[in-house]
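The block underneath contains the structure these notes are about, expressed in structure tokens.
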Amino acid sequence: MSLSHKLRWSHGEATILSTAAMLADATFQVDGKPFKPFARAPWLGTVDDPSIVGHLRVLAGDFVGLPFGTGGRRARPNPPEWGSLLTQPATGTIHGPTAHREWDIVGGDEHSVTLSLDYDPDSVVRKVERVITARKDAPALDFVMRIFARHKAPISAGLHPNFRMPETPGRLELKLDFEFGLTHPGQTAQGDPQEFKSLSAVPKDGARVDMSHIPLSPRTDKNVQLCGARSSLTGTYLDEGMGFELDWDRELLPTLMIWHTDGGIQGEPWNGQFRAVGLEPLASAFDLHTDVSTGPNPINTRGIKTWVDLDPAKPLEIRHSIRAFAV
């Protein structure tokens, strides 16, 4: 059973669950007005089927993946350089124990909460801590993922903030400076280039779509990875005059994956109901097997790291923040 912890501070309130250490809900007060930028699955609080992984049972605003992605895809990609990398057999649950298991809430008050999760004895990871803190006198949340290792090793890692889609196409504007972008190798149509330079011109089905203004029309699902991120990301709800800034340690997580999902996922618990954009800072090759990320792949051979290095001598800290603002 999922437990919860509530944050309340001068500029908002938020609820964090023990399942997947999920940020289930948050309301920021911006210039005296409430602003809720995060996505929230319509089934949250109604699914208790243990065969459905933890983060899907409570899918909402923000969780973490370690390792990020576990393989299990069977479709062969069109970009030949990805070859067999897309067909690694799955190991464990998608996005690792952090995204599936029940965390311990080890401490907290109205301004901060600390959660902890022990990994299995055969894992390179010994323990993960997650600290979520309301920023004093600001409509912002600060996050830390602290990874304790048993021995030195590489591992894929990622953050998974999810933001709500506006109803009107194109009315959430995304801005990020990056080196190059790639469409997901499992979604790259035959004959389409995989690489792009601008988020406003992403290859799709023989044409280009503008993923700097979402949701796309007609409604569709599309995943891309922006490599060599050089700035924080801003998202502006153009019809609301509100926005958010997602900032993170780009030395450790040098890419950002955009998971644009607009009702296209079927089966339980989705049933075509979920609309959101995941804006996911990564040290990973998309959501593929961690062995793909820690071995040679078409992203890291271009100098963009797709893993983090663990060392038992010092816990690895990965930080990110989400700040709301008025336009």
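The values are calculated or read from the model by the stated rules, or taken from the named source; none is laboratory data. What you see is a predicted model; the values in this text were computed from it and never measured. Every residue, glycine among them, receives a Cβ derived from its backbone with ideal geometry; neighbour counts consider all protein chains shown. All accessible areas refer to the heavy atoms of the entire protein, side chains included, with ligands and DNA or RNA removed. Shrake-Rupley method; radii C 1.70, N 1.55, O 1.52, S 1.80 Å.
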To the nearest Å², the heavy-atom accessible area per residue of the chain with 1.4 Å probe amounts to 41 Å²
Once the piece of chain linking residue 112 and residue 301 is laid out straight, how much longer is it, given 0.36 nm per residue of separation minus the C-alpha distance between them?
64.1 nm
The relative contact order of the range 28-163, taking Cα pairs under 8 Å that sit 6 or more residues apart, comes to a percentage of 24 percent
Can you order the peptides 283-290, 254-261 by their average number of other Cβ atoms within 10 Å per residue, highest first?
283-290, 254-261
How much length, in nm to one decimal, is gained on full extension between residue 153 and residue 319, taken as 0.36 nm per residue of separation minus their Cα-Cα distance?
57.8 nm
Sum -39500 (n - 2.57) across every DSSP H segment of at least 4 residues in the chain, then divide by the residue count to get the 222 nm mean residue ellipticity, nearest 500.
-500 deg cm²/dmol
Extension gain from residue 104 to residue 208, taking 0.36 nm per residue of separation minus the Cα-Cα distance
32.9 nm
Equivalent ellipsoid, the chain (semi-axes from 5 times Cα gyration tensor eigenvalues, Å):
27, 25, 19
With all protein chains present, the chain has a carbon and sulfur share of its accessible area (1.4 Å probe) in percent of 48 percent
With eigenvalues of the C-alpha gyration tensor scaled by 5 and rooted, the range 1-149, Å:
31, 19, 15
Nearest 0.05, what FRET efficiency do residue 144 and residue 217 give at R0 = 35 Å with Cβ-Cβ as r?
0.40
Net charge, residue 323 excluded, C-beta distance under 11 Å - Lys, Arg +1, Asp, Glu -1
-2
Could you give me the ³J(HN,Hα) list for the range 274-288, computed from phi with Karplus coefficients 6.51, -1.76, 1.60 and θ = phi - 60°, whole Hz, x at Gly and Pro?
8, 10, 6, 10, x, 10, 10, x, 9, 10, 6, 8, 6, 10, 7
Have a look at 61, 32, 84 and report the one farthest towards the positive end of the charge dipole of the range 19-148, computed about the Cα centre with Cβ charges (Lys/Arg +1, Asp/Glu -1).
84
Could you give each residue of the range 180-192 its phi-based ³J(HN,Hα) in whole Hz, using Karplus coefficients 6.51, -1.76, 1.60 with θ = phi - 60°, and x for Gly or Pro?
7, x, 9, 6, 4, x, x, 10, 8, 5, 4, x, 7
Compare the peptides 106-119, 145-158 by average per-residue count of other Cβ atoms within 10 angstrom and give them in order, highest first.
145-158, 106-119
